1. Leu139: within 21 Å of Gly85 (Cα to Cα), assigned to a helix (DSSP H, G or I), modelled with pLDDT of 85 or more and not small (Gly, Ala, Ser), yes or no?
2. Return yes or no: is Glu91 within 27 Å of Glu155 (Cα to Cα), open to solvent by 30 Å² or more (accessible area, probe 1.4 Å) and touching a helix residue (DSSP H, G or I) at 6+ places or on another chain (Cβ under 6 Å)?
3. Condition (residue is surrounded by fewer than 18 Cβ atoms within 10 Å (Cβ to Cβ) and more than 12 Å from the chain's Cα centre (by Cα)) applied to region 73-82: is it met by at least one residue?
4. So, in region 28-59, of the ones that are open to solvent by 90 Å² or more (accessible area, probe 1.4 Å) and either in contact with a Pro (Cβ under 9 Å, 6 or more places away or on another chain) or under 18 Å from Glu13 (Cβ atoms) (or both), which residue ends up modelled with the highest pLDDT?
5. Give the number of residues within region 94-109 that are open to solvent by 80 Å² or more (accessible area, probe 1.4 Å) and either closer than 19 Å to Ala40 by Cα or not in a helix (DSSP H, G or I) (or both).
6. Collect the residues in region 110-128 that are within 25 Å of Leu146 (Cα to Cα) and either in contact (Cβ under 8 Å) with a residue 60 or more places away in the chain or surrounded by 13 or more Cβ atoms within 10 Å (Cβ to Cβ) (or both), keeping them in residue-number order.
7. Go through the residues of region 64-87 one by one and say whether even a single one is closer than 21 Å to Ile45 by Cβ and acidic (Asp, Glu).
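The values are calculated or read from the model by the stated rules, or taken from the named source; none is laboratory data. Predicted model, so just to flag it, every value in this text is computed and none were measured. Cβ sites come from the backbone with ideal geometry, for glycine too, and all protein chains shown count toward neighbours. Ligands, DNA and RNA are excluded from the accessible area calculation, which covers all protein heavy atoms including side chains. Shrake-Rupley method; radii C 1.70, N 1.55, O 1.52, S 1.80 Å.
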Amino acid sequence: VKNWLPWLALTGEILIIAGSVVYGWILLQFSSVSEHYRTAGICQIASCLLMAVKQVIPDHTGMVLLISLVTIPVGLVARYNEYVGHAYSLEGIEDDLSSSWGKLWKWYIGLYVAMFISIIFSAFGILLLLVVLLGILALGIYQMVLLYRTAELFEDYRRNK
């Protein structure tokens, strides 16, 4: 898409960055519940800033690779702290949902490991990469379901308080 319709690719990148910044800001609003949300929000916004910088640097420079290598661990720290924050805030209220957030993190890391394995073993990698991409899609849907259930639970808790 980037080669055929660069304006469409840029628009998509801008929307992704903007949405991610808003999500990071939302996570920061929950920092009173758990310090993990604060860390997740800061890392989320930092990751977005790195993605924005990457958009203005020419592709042929080594800086793009360097920024990408920094963005990955920052994104992982953000995701970890978000999931731990959700699990922590649900402890004692809904233990099954709390443990689901921990399982989601393990699956997320497993998919990252599988992605790196697919890059190393490229012959086997294409098939594995397809499985990883489907897994990422499934985890995204599962995350939305857990977020919805968590929000419902907090809303019920707030009403009954």
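1. Values: within 21 Å of Gly85 (Cα to Cα): yes; assigned to a helix (DSSP H, G or I): yes; modelled with pLDDT of 85 or more: yes; not small (Gly, Ala, Ser): yes.
Yes; evaluated as a whole, the condition is true for this residue.
2. Values: within 27 Å of Glu155 (Cα to Cα): yes; open to solvent by 30 Å² or more (accessible area, probe 1.4 Å): yes; touching a helix residue (DSSP H, G or I) at 6+ places or on another chain (Cβ under 6 Å): yes.
Yes, satisfied.
3. no
4. Top of the filtered list is Leu49.
5. Within region 94-109, residues that are open to solvent by 80 Å² or more (accessible area, probe 1.4 Å) and either closer than 19 Å to Ala40 by Cα or not in a helix (DSSP H, G or I) (or both) number 3.
6. Within region 110-128, the subset within 25 Å of Leu146 (Cα to Cα) is 110-115.
Matches in region 110-128: Gly110, Leu111, Tyr112, Ala114, Met115.
7. Within region 64-87, the subset closer than 21 Å to Ile45 by Cβ is 64, 66-86.
Now restrict to residues that are acidic (Asp, Glu): 82.
Looking for residues that are closer than 21 Å to Ile45 by Cβ and acidic (Asp, Glu), one finds at least one in region 64-87, hence yes.
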